[in-house]
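Since every read-out is calculated from the coordinates, none of them should be taken as a lab result. Because the structure is predicted, anything quoted here is derived from the model rather than measured. Ideal geometry is used to build each Cβ from the backbone, glycine not excepted, and the neighbour counts take in all protein chains shown.
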Amino acid sequence: MQFDYARAFSRNIGWVTEAEQAKLRNARVAIAGMGGVGGKYVETLARLGVGKLVIADFDEFDLHNMNRQAGSFMSTMGQSKLEVMSRIARDINPEMEIRAFPHGVNAENVDEFLEGVDIYADALDVFALDIRRMVFAKCKEKHIPALTAAPLGMGTAFLYFDPAGMSFEDYFKLEGHEKDEQLARFIVGLSPAMLNRSYLVDPTSVNFGERRGPSTPMACALCGGVMGSAVLKLMLGRGKLRAAPWSMQFDAYRQKLTFNWRPWGNANPLQQLLLLFVRPLLRGQVSRSK
């Protein structure tokens, strides 16, 4: 069967107009990270009809990716995540324009990575804070909206950094702190409501010293949906998104949605209290639930 863009994405029409679909066809979104979240971004945006992607990842699929990552199948074990997700995107839309960065994003290529980009969708590993800080700072400098949707428990937490508003650094306040403290601040800033913490049945599964933690396919799928909707709103000018210091968290397990406003970001007294809870997790000072 011959590919036809208009027919392939005709079921989007109604929720978007034909003129709006044409805008999505010409949109360019950058995604760093092709794991549990990034892979869902790629699939969601490809099916939305976004016509141009810039993607970066240096990793390969392994068995521990199977529970959540869009490109993880027995047939793709050991293959490049970047190449697999590029194939999936082009299998959805053979006309897709893709710029690929097989060595990930770094200081040498970040300007090229963000060249001509309309929106940046963050899907970097939670521990990749140095690279994440650099990319968000570059987005601010280049006036590119930067979004992140984090998979937490069976839900997602969403943050939007408007180029004209509060910066990533002003919100998270990572500068001058050791790595463990930076990670604690990042987690607390992502999820001020911490909706997922009440149903973690085995706290020992969280070990940031070993760079591991539990995950669910539901959380990653929700991240893809939230990110796709945010990209649509920004690209089509469909009303405002609440930018940082606002954050949003939805937890499907608890059936709860929260919007949190934290002026001064992690300098907010409520955030400082939450840090007291999170720091012991990073040091592995948790015990198995009874």
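Some values worked out for this structure:
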quantity: Residue-span extension gain [V126 to E112] - 0.36 nm each, minus C-alpha spacing; calculated: 2.7 nm
quantity: Share, in percent, of DSSP beta bridges within the chain that are antiparallel, nearest 5; calculated: 50
quantity: Additional length obtainable on full extension of the chain from T17 to R212, 0.36 nm per residue less Cα span; calculated: 65.9 nm
quantity: 15 Å beta-carbon shell around S80, net charge (K/R +1, D/E -1); calculated: -2
quantity: Computed over the chain, Cα set: Rg, Dmax in Å; calculated: 18.6, 59
quantity: Hz values of 3J(HN,Hα) by residue in the stretch 153-160 - Karplus curve (6.51, -1.76, 1.60), Gly and Pro given as x; calculated: x, 10, x, 9, 10, 10, 9, 10
quantity: Pair Y199, E97: separation of 7 Å Cα→Cβ label points (nm); calculated: 4.3
quantity: Value of D in µm² per second that Stokes-Einstein yields for the stretch 194-283, Kirkwood Rh from Cα pairs, at 20 °C (1.002 mPa s); calculated: 138
quantity: Approximate spin-label separation Q255-E83, in nm, with each point projected 7 Å along Cα-to-Cβ; calculated: 4.6
quantity: Assigned charges on the beta-carbon of Lys, Arg, Asp, Glu; the stretch 1-71 dipole about Cα centre (debye); calculated: 340
quantity: Cα-centre dipole for the stretch 39-128 with unit charges at Cβ (Lys and Arg positive, Asp and Glu negative), debye to 20; calculated: 420
